[in-house]
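Since the structure comes first, as structure tokens, the remarks are kept for the end.
The values are calculated or read from the model by the stated rules, or taken from the named source; none is laboratory data. All of these numbers come straight from a predicted model, not from anything done at the bench. Because the Cβ atoms are built from the backbone with ideal geometry, glycine has one as well, and the counts that use them run over all protein chains shown.
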Amino acid sequence: MSGTLSAADVRFDGKVVLVTGAGGGLGRAYALVFAERGASVVVNDLGGNIKGEGKSSSSADRVVEEIRAKGGKAVPNYDSVEEGEKLVQTALDAYGRIDIVINNAGILRDRSFARTSDLDWDLIQRVHLRGSFKVTRAAWNHMRNQKYGRIIMTASSSGIYGNFGQANYSAAKLGLLGLSNTLAIEGQNYNIQCNTIAPTAGSRMTQTVMPQELLDALKPEFVAPLVVWLCHESCQENGSLFEVGAGWIGKLRWERTLGAIVRQKNQQMTPEAVRNNWERICDFDNATKPQSTKESIMTLHEVLNKLGTERGVSTNPTNGIIQTSTSGINPNEGVGKKMPLTLYTYTNLEPILYALGVGMTTKDPDHLKFLFERNEEFSCLPTFGVIPAQDSMNGALASVPGLNIDFTKVLHGEQYLEMYKPLPTSGTLKSEGTIADVLDKGSGAVILLDVHTYNESDLVCYNQFSIFVVGAGGFGGKRTSDKVKVTMNPPNRPPDAMMSDVTSVDQAALYRLNGDWNPLHIDPNFAAFGGFKKPILHGLCSMGYAARNVLKQYANNDVTKFKAIKVRFAKPVIPGQTLETEMWKDGNLIHLQAKVKESNEVVLAGAYVVLEETVHQPKTNGTGMKVELQSDLVFAEISRRIKDVGKEMVKKVNAIFQWDITKDGKTAAQWTIDLKNGSGELYKGAAQRRADTTFTLSDEDFIQVVSGKLNPQQAFFAGKLKVMGNIMLSQKLELILKDYAKL
Ligand code: NAI
């Protein structure tokens, strides 16, 4: 072994290690490797028999001699681990410090449970659990003070899985895992790490249960390197559990079913409901892997959220991180499913409360028509249209078959709202939600929830909520859909107008009274669970600010002019921050972007408002905007082709292309073909990941190029076509435009 030592870099020079029960078996193997790698070792062993009876100094002495004979540093200690301070004191006396504790000492008193005596129970707990506690506590403050410590607990597969005749031992062994889990948390700020191993090795302990052949094969030397590595200062592992033996090492963690909520709001929970849901409670398909108490509590928060709080208000899981991890998504089952109808009854109060919630104030005389019910023009702000629709998001979404989501990380990603009639200032509106589509974005799933809201039988407005479920992707679904209401980047020029609003520190506290009760927006503890320093403003509230600014700037606050809005929630806003709404007018299309002034971060991205055209009703496409570009048709054709042969193109091309199509010198549309992933996708708007090549050309020239009338090189040299990024890749374009679009 010494031949390889010089090259070894997992060294412990200057470090002091205490190994309990190191007089034989696994402990001895650890002590030898640590010593070979430069550590000073305290070799502890009580020297009793396997049942914990008697004592002797010989086994510890033998190992110390063995180490010294090889030139290593070691001292013996013969105390029981129950006297932890004495063991640590030996280290301090001999070497002046203690860096690493390997809790390894152990005995066995196997009995069937019925025959287990008090002594059998107590002795096992005392040596394994209490002994590890005493030794570790004695070392703890030294480790804290020096900001370095490594601790190993020794559990057993008997504790993890149970073993006949080892009730006492199993209990103690898994007790050590609980101890380790907590020490890992309490120690982490002091660079103290604690891990647990469940070893298998031939030793005097396993002599009685294993044949000699196996005893010889399962050498302690096939366990020791794991223990030694876990204790190195460069190892970052903390709070983990490993099974180890025969030179194999595996890590274990908890797995939890998605489970089932077996009670309903304001109803008793019954054993029958538990029985009836048993299969779902125990179904490990799409199980999650919670790693902390925080995650465990988050689940309960979410359950309470879904069921509504005790005060009887329902909660709305929108905007920001709410809950879980993986999902059981089966789009075939979920898509097209309708939510239960929801009714929203309101008086003049609610639209006024909403207007105040999005920062309207009597300081601005223009705002009075939204704040005073007896004003001649009293109106609802158009974006109030999200309020009656938001109930469709409540718990109902989670109950949709095929969308088995354990919400730990759900983000309200985007919102689209289209108006058909001005909202009545009071009344009862009926909303119907439908799962329009479910997309697989790899890192997550996007659920498109379409909600149509009616006044009697008149369609008043239509919302599309896009909900991103982090970690729920990879179910083999499509990446995009023609149901998506797309975002659009603003033109590349300074904004035509900007409006600034200082939000109140109580803005979220006020806005939530519109029925968005998610505690993320008011409860600091809940916000902290979601990873936010403070409760955040509702994304829909920022959208309300931006929308009313556009309405004032470009439509003279005439709500009948407001046709549609689309926003992407890019970053959270903290109540009290200043929102800056930047606007670019492009005909009836107003691009917008909202930034937080303090951080200069974009919070509403790819956003726009469509205003009603006064002169003529435009022919519209899915976004409610005019279709007047010929290139739109070409891209629609390319999109169809990608569906057929996208995979093949990804293989051949492997690049992201963006087109900026201009009309009368202004950017009129942006398109992206992403041929880097999966089966490729084409979408309207700027590239969501960095484009490799961006082409800028007019709508007319684009048509000329794709129809073969204009040579791209000539267009380039004539300045008709601008190419940014990787020009070489544009050669692959022919592949897309000619071979596949066949245009
Ligand atoms: P071992 O019996 O060879 O070593 C245990 C050592 O601990 C003995 O030398 C013993 O004298 C010492 N010891 C017992 N009580 C003590 C006390 N109160 N104070 C100080 N020293 C004391 O057994 P082995 O197999 O090396 O076990 C080491 C650890 O690994 C034990 O905690 C055992 O429970 C655990 N383990 C071993 C498995 C295996 O396959 N060998 C399987 C699962 C767990």
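Applying a threshold of 8 Å to beta carbon distances and a minimum spacing of six or more residues, or different chains, the list of pairs starting in the range 118-143 at a residue that is closer than 10 Å to Glu82 by Cα and among the hydroxyl-bearing types (Ser, Thr, Tyr) and ending at one that is part of a helix (DSSP H, G or I) and within 14 Å of the ligand (Cβ to nearest atom) reads Ser132/Val81; Ser132/Leu176; Ser132/Leu179. When the range 100-122 is filtered for residues that are within 9 Å of the ligand (Cβ to nearest atom) and over 25 Å from Arg150 (Cβ atoms), only Leu108 remains. Among the numbered conditions (1) at pLDDT 95 or above; (2) more than 15 Å from the ligand (Cβ to nearest atom); (3) outside any strand (DSSP E or B), the only one that Val17 does not meet is (3).
The set of residues in the range 188-239 being surrounded by 16 or more Cβ atoms within 10 Å (Cβ to Cβ) and among the small types (Gly, Ala, Ser) consists of Ala198, Ala201, Gly202, Ser203, Ala224, Gly239. Checking Arg137, Arg126, Arg144 one by one, the residue that is at negative phi and either within 11 Å of the ligand (Cβ to nearest atom) or not in a helix (DSSP H, G or I) (or both) is Arg126 and no other.
For the range 272-289, state whether one or more residues are touching a helix residue (DSSP H, G or I) at 6+ places or on another chain (Cβ under 9 Å), on the phi > 0 side of the Ramachandran plot and part of a loop (DSSP other than H, G, I, E, B). No, that holds for no residue.
From the list Asp496, Asp516, Asp523, pick out the single residue that is in contact with a strand residue (DSSP E or B) (Cβ under 6 Å, 6 or more places away or on another chain) and of a type in the set (D, E, K, R). Give the steps one after another, and end with the answer.
Details: Asp516 fails: in contact with a strand residue (DSSP E or B) (Cβ under 6 Å, 6 or more places away or on another chain); Asp523 fails: in contact with a strand residue (DSSP E or B) (Cβ under 6 Å, 6 or more places away or on another chain).
Being in contact with a strand residue (DSSP E or B) (Cβ under 6 Å, 6 or more places away or on another chain) and of a type in the set (D, E, K, R) holds for just one of Asp496, Asp516, Asp523, which is Asp496.
Only one of Ser170, Ser157 is in contact (Cβ under 8 Å) with a residue 24 or more places away in the chain and either within 15 Å of the ligand (Cβ to nearest atom) or of a type in the set (Asp, Glu) (or both). Can you tell me which? If you could, list the steps in order and put the result at the bottom.
Details: Ser170 fails: in contact (Cβ under 8 Å) with a residue 24 or more places away in the chain.
Answer to the selection: Ser157.
Residues that are part of a loop (DSSP other than H, G, I, E, B), under 31 Å from the mean Cα position of the chain (by Cα) and modelled with pLDDT of 80 or more are absent from the range 655-673 altogether. Of all the listed residues (Pro519, Pro494, Pro535, Pro524), the sole one being under 23 Å from the mean Cα position of the chain (by Cα) and without any contact (Cβ under 8 Å) to a residue 12 or more places away in the chain is Pro524. Exactly one of (1) within 12 Å of the ligand (Cβ to nearest atom); (2) touching a residue at least 40 places away in the same chain (Cβ under 8 Å); (3) over 17 Å from Ala105 (Cα atoms) is unmet by Thr208. Its number? Status for Thr208: all satisfied but (2). Of all residues in the range 423-455, which are outside any strand (DSSP E or B), surrounded by 18 or more Cβ atoms within 10 Å (Cβ to Cβ) and modelled with pLDDT under 95? Selection gives Lys441 alone.
Candidates in the range 28-46 are the residues that are over 14 Å from Asp61 (Cα atoms) and either of a type outside the set (A, V, I, L, M, F, W, C) or touching a strand residue (DSSP E or B) at 6+ places or on another chain (Cβ under 7 Å) (or both); of these, the one that is nearest to the ligand (Cβ to nearest atom) is Tyr30.
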